[in-house]
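Here the structure comes first, spelled out in structure tokens, and everything after it is commentary.
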Amino acid sequence: MMPLTARPRLWRLARLEFDPVRNRRVLLYPEGAMLLNDTGGEVLALCDGTRTVADIGAELGTKYHADVTVDVAAYLAQLVERELVHDAQ
Amino acid sequence: MPNEKPGVPTTLLAEITHRCPLHCPYCSNPLDLARADAELSTGEWQRVFTEARALGVLQLGLSGGEPLLRKDLESLVGHARQAGLYTTLVTSGLGLTRDRALRLRDAGIDHVQISFQDADRTTAERIAGLTSVDKKLAAAALVREIGVAFSVNVVLHRGNLDRIGEIIEMAASLGADRLELANTQYYGWASLNRDALMPTRAQLAAAEPIVDAAVARYRGRMQIIYVLPDYYSEFPKACYGGWGTVYIVIGPNGIVLPCHAATQITSLTFDTVRDHSLDWIWRESPGFRAFRGDDWMREPCRTCALKTVDFGGCRCQAFLLTGDARNADPVCSKSPNRHLIDEALAVVTDLETTIVTAPAYTYRAMPPTPTAGQRAKAAVGD
Ligand SMILES: C[S@@+](CC[C@H](N)C(=O)[O-])C[C@H]1O[C@@H](n2cnc3c(N)ncnc32)[C@H](O)[C@@H]1O
Ligand code: SF4
Ligand code: SF4
């Protein structure tokens, strides 16, 4: 779990793009590309280093009428483990 | 016939020139280097990048030879970035002026990877065959200054592996975001120099804990990728996702390959973007279809459980060492040709018990040459 007070941002080397060929967002970084599903793409698009994990959970929760904060924190933890996301603080 | 439908490629390595001011004996470029007048034009490369993106390619490596020798590099980068490609410049650093660094940044380069030969200046320049360290240090400072992602690459071999700790510290002090420590793969010029480059088992054993500790120590600051040498393994390295599944290499003259070493498989022919669309080459050309899927496999691969993991290893290495690209990669302990690898290793096993002298390298050089193999053997060291 990424702490709810952390302010996730993408690795300095990574860039989020929309790929019209695969019709989904992709996270691009040196020597790699991660194909994202819709929700994964939405989470990463909000990782701007100013929003907290809680903010992102709340924002998507409102959109989907569900409590997704725990899922968001778990998803981000996986990306932190792979060094694709960092805590901006 | 091959049984698998082509997938969507992710990565294009564009070797935009074979020209290079350095002479690394480990260079993976082919012996038969393309001349300047055979290179694709600016417009041809730009068309290829557009076609690659339409095919699904996300990652573009601009490599060579030395890509900075192309005066149109900035226009190529600009075009690639506009097409939406994540663009990496793979360079020796020579030829990067402040002006060019700024223009590359403005064109939208995402990532610059600079190769260094060693942490020790004398050995580094002996391997490069050129006074080059100061220029590389200046290039690294420029990449830091323009603020794009920065990787350091060091090819490892018997002559520098003992300094792996110093090499890691050097990359950290240069401010690298990422460090690629790549044990030499024996293609092109490196295959000519295999005996001189092959590390000893003792060197590799000593390096491992140093690398492991550094990976942990630099976590979050500098990502360290350690590419193991396959000769000392029991099983081969996986061919990048399998032949013709994700990876495309295009040579200076527009020849399209499933792997940068594939021209060495002389039993295959490959097409060029001058004659065909990239889409056709990817989907239909005989060269790309040759080893898609696993219908082509022989024993021991055909009935091996690992065939979906390593795809039988490297086709190029299988051809180079056994003469038939359909054989299992001879690195595999199940291969009847494994003795070829063990014989190569025996050369260095003997070294461990004798006095190690500075090896004699055959330096990479451009034509005209009588034949590439007859290049003057330059003895190094005293
Ligand atoms: C062929 S070079 C071309 C770009 C540029 N001239 C340079 O050396 O950085 C591409 C990359 O492959 C690495 N390389 C060259 N020969 C290799 C080999 N035999 N095995 C593994 N990596 C190799 C280089 O260090 C460099 O990072
Ligand atoms: S590996 Fe060395 S010789 Fe080969 S292209 Fe790069 S700098 Fe030139
Ligand atoms: S037999 Fe073939 S598929 Fe099995 S591990 Fe060896 S090379 Fe890989």
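The values are calculated or read from the model by the stated rules, or taken from the named source; none is laboratory data. A quick note: this is a predicted structure, and the numbers were derived from the prediction, not measured. All Cβ positions, glycine included, derive from the backbone under ideal geometry; neighbour counts span all protein chains shown.
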Next on the checklist: Which condition from (1) farther than 25 Å from A:ARG12 by Cα; (2) within 14 Å of another protein chain (Cβ to nearest Cβ); (3) not charged (D, E, K, R) is the one that B:THR87 breaks?
Outcome noted: (1)
Checklist entry - What are the residues in the stretch B:321-345 that are surrounded by fewer than 24 Cβ atoms within 10 Å (Cβ to Cβ), at pLDDT 90 or above and within 16 Å of ligand 1 (Cβ to nearest atom), if any? => result B:LEU321
Checklist entry - Would it be correct to say that A:LEU35 is more than 14 Å from chain B (Cβ to nearest Cβ) and touching a strand residue (DSSP E or B) at 6+ places or on another chain (Cβ under 7 Å)? => result no
Next on the checklist: Checking B:TYR231 against (1) away from ligand 3 (no atom under 16 Å from the Cβ); (2) in a helix (DSSP H, G or I), only one condition comes out false. Which one?
Outcome noted: (1)
Checklist outcome for this item: Result of the Cβ filter at 6 Å on the stretch B:47-73, keeping first residues that are under 19 Å from B:ASN29 (Cβ atoms) and partners that are more than 16 Å from ligand 1 (Cβ to nearest atom), at least 6 apart or interchain, is B:LEU60/B:ALA80; B:LEU60/B:LEU85
Checklist entry - Looking at (1) in contact with a strand residue (DSSP E or B) (Cβ under 7 Å, 6 or more places away or on another chain); (2) away from every other protein chain (no Cβ under 14 Å), can you tell me which one B:LEU130 breaks? => result (1)
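Yes or no, residue by residue, for (1) over 30 Å from B:LEU179 (Cβ atoms); (2) surrounded by fewer than 20 Cβ atoms within 10 Å (Cβ to Cβ):
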site: A:PRO3; (1), (2): no, yes
site: A:ALA6; (1), (2): no, no
site: A:GLU17; (1), (2): no, yes
site: A:LEU35; (1), (2): no, yes
site: A:THR39; (1), (2): yes, yes
site: A:LEU46; (1), (2): yes, yes
site: A:ALA54; (1), (2): yes, yes
site: A:GLU59; (1), (2): yes, yes
site: A:VAL72; (1), (2): yes, no
Next on the checklist: Cβ contacts < 9 Å: first residue within 14 Å of another protein chain (Cβ to nearest Cβ), restricted to the stretch B:10-26; second residue of a type in the set (Phe, Trp, Tyr) and surrounded by 24 or more Cβ atoms within 10 Å (Cβ to Cβ), any location; separation 6+ or different chain. Result?
Outcome noted: B:LEU12/B:PHE49
Item to check | strands (runs of 3 or more DSSP E) enclosed by the stretch B:5-99 - at least 3 residues per element that are aliphatic (A, V, I, L, M) | outcome: B:11-15
Checklist entry - Is one or more of the residues making up the stretch B:54-72 away from ligand 1 (no atom under 16 Å from the Cβ) and farther than 23 Å from B:ASP279 by Cβ? => result yes
